[in-house]
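Remarks on the structure that follows.
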Amino acid sequence: MNTLFGGKTEGGFLGLPAAAPGGAADADIVIVGAPSATPYQSVGPYCAGAPGAIRSALGWPGALDHYDFDLHGKILADKVRAVDWGDLPYDDADFASNRDLIRRQVTLALDSGAVPIVLGGDDSIPIPVLQAYERHGPITVFQLDAHIDWRDEVSGERMGLSSNMRRASEMNWVKSIIQVGARGIGSARPSDYQDALDWGVKFFPMETIFEQGVDQVLQAVPDNSPVFITLDIDVMDPATVPSVIGPAPGGFNYWQVVNLFKNLAHRSKLVGFDLVELMPANDIGARGALVAARLVAVMLGLISRQIAAE
């Protein structure tokens, strides 16, 4: 791809070395693209182009050698190795196969000692991603999302994007769920919200954050606990990220999310990250893809700094 100043990007995300799934067994961080898992029939795989859009959004040749002002240094910490395993294939009809492939690839990364960063894909992606942590728990799930995703099923489908946190709650290795940024109307009914409260979810709706700030959110995360962050990019305000299927006014801006990431990295052990729900067909001048790519770059930098400090 041609980039700024006539250069070319090579390899994977930000020019990281590209490898086949399972390749580069000595990697500390692995990026995996997961275009689709369990799309609802009503919308299909509407986010399947998101991993490619995220990879294409940052057009700086040699970006990994540049100074990043959001991270106060190069993106990757010295001596930390990250690789990009590329995008997984997906089947428009065999959703169980899609989920199994995602779960197996994330398990492969974890078993090799790497921290996975998953580029989705719709919000059904976190279900197989979190299933991969069965032998790598217990974990706290920290969800950033405009919607709470606690439906048991939608039109008979139990593994779709509206059910990911309910399915996570059924995994024995998920010991805590913190959900941040809910606002407006989603698919949840009052009984779904009550089920989540009964399970023990700690909710921090966007109105609460607007009125009281994020300190209470951070205090809900146990010190030094292993945390998996799942980011549905519709948690951000549509003025910042227009490219989602269910926009809701009043969300986070870029710096609020970056600040939250940094504070979580200071407080906890980041054991994985996914970004989902970017919808390239709804993007405007690739603005949403750019924000998504920057957030992935920040997370890559924060995880690498934790690894370097070990």
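If you go through region 77-98 one residue at a time, do you hit one that is within 26 Å of PRO205 (Cβ to Cβ) and part of a helix (DSSP H, G or I)?
no
Return yes when ILE31 is modelled with pLDDT of 95 or more and farther than 30 Å from ARG158 by Cβ and no when it is not.
no
So, of the residues in region 122-145 that are in contact with a Pro (Cβ under 8 Å, 6 or more places away or on another chain) and assigned to a loop (DSSP other than H, G, I, E, B), which turns out to be nearest to PRO238 (Cα to Cα)?
ASP122
Say we look at region 231-257 and pick out the residues that are in contact with a Lys or Arg (Cβ under 8 Å, 6 or more places away or on another chain) and among the hydrophobic types (A, V, I, L, M, F, W, C); which of these is surrounded by the fewest Cβ atoms within 10 Å (Cβ to Cβ)?
ALA248
Tally up the residues in region 281-301 that are in a helix (DSSP H, G or I) and surrounded by 19 or more Cβ atoms within 10 Å (Cβ to Cβ), please. Show your work before the answer.
Let us first name the residues in region 281-301 that are in a helix (DSSP H, G or I), namely 281-282, 287-301.
Narrowing the set further to residues that are surrounded by 19 or more Cβ atoms within 10 Å (Cβ to Cβ) leaves 288-293, 295-301.
Adding up the residues that qualify gives 13.
Tell me, which residue of region 203-218 that is closer than 21 Å to SER268 by Cβ and of a type in the set (Phe, Trp, Tyr) is surrounded by the fewest Cβ atoms within 10 Å (Cβ to Cβ)?
Checked region 203-218; the qualifying residue surrounded by the fewest Cβ atoms within 10 Å (Cβ to Cβ) is PHE203.
Every residue, every condition in (1) in contact with a Pro (Cβ under 6 Å, 6 or more places away or on another chain); (2) loosely packed, with under 15 Cβ neighbours inside 10 Å, yes or no:
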{"residue": "ASP68", "(1), (2)": "no, no"}
{"residue": "ARG81", "(1), (2)": "no, no"}
{"residue": "ALA93", "(1), (2)": "no, yes"}
{"residue": "ASP100", "(1), (2)": "no, yes"}
{"residue": "GLN105", "(1), (2)": "yes, no"}
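To keep it simple, each residue is scored yes or no on (1) of a type in the set (S, T, N, Q); (2) touching a Ser or Thr at 6+ places or on another chain (Cβ under 8 Å).
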residue: GLU153; (1), (2): no, yes
residue: ARG158; (1), (2): no, no
residue: LEU161; (1), (2): no, yes
residue: MET171; (1), (2): no, no
residue: LYS175; (1), (2): no, yes
residue: GLN179; (1), (2): yes, no
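Quick check on my filter: what residues within region 281-310 are more than 16 Å from the chain's Cα centre (by Cα) and farther than 12 Å from LEU71 by Cβ?
ALA281, ASN282, ASP283, ILE284, GLY285, ALA286, ARG287, GLN306, ILE307, ALA308, ALA309, GLU310
Cβ-Cβ distance below 6 Å, separation of 6 or more or different chains: which pairs start in region 39-50 with a residue that is in contact (Cβ under 8 Å) with a residue 40 or more places away in the chain and end on one that is among the small types (Gly, Ala, Ser) and crowded, with 19+ Cβ neighbours inside 10 Å?
Qualifying pairs under 6 Å: TYR40/GLY160; PRO45/SER36; CYS47/GLY121; ALA48/SER36.
Residue-by-condition table, conditions (1) among the β-branched types (Val, Ile, Thr); (2) farther than 22 Å from THR38 by Cβ; (3) without any contact (Cβ under 8 Å) to a residue 24 or more places away in the chain; (4) touching a strand residue (DSSP E or B) at 6+ places or on another chain (Cβ under 6 Å):
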site: HIS66; (1), (2), (3), (4): no, yes, yes, no
site: ASP78; (1), (2), (3), (4): no, yes, no, no
site: ASP94; (1), (2), (3), (4): no, no, yes, no
site: LEU110; (1), (2), (3), (4): no, no, no, no
site: ILE117; (1), (2), (3), (4): yes, no, no, yes
site: GLY121; (1), (2), (3), (4): no, no, no, yes
site: ILE125; (1), (2), (3), (4): yes, no, no, yes
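Among the residues of region 140-165, which ones are aromatic (Phe, Trp, Tyr) and within 14 Å of the chain's Cα centre (by Cα)?
PHE142
Cβ contacts < 6 Å: first residue within 17 Å of GLY120 (Cβ to Cβ), restricted to region 155-172; second residue modelled with pLDDT of 95 or more and aliphatic (A, V, I, L, M), any location; separation 6+ or different chain. Result?
Every condition considered, the pairs that remain are MET159/ILE127; GLY160/VAL154; SER162/VAL154; ASN164/ILE127; ARG167/ILE127; ALA168/LEU130; ALA168/VAL141; ALA168/VAL174.
Taking the conditions exactly as written (under 18 Å from the mean Cα position of the chain (by Cα) and assigned to a helix (DSSP H, G or I)), does LEU110 satisfy them or not?
Yes; evaluated as a whole, the condition is true for this residue.
The values are calculated or read from the model by the stated rules, or taken from the named source; none is laboratory data. Values in this document were obtained by computation on a predicted structure and should not be read as measured data. Glycine gets a Cβ as well: all are built from the backbone with ideal geometry, and neighbour counts include every protein chain shown.
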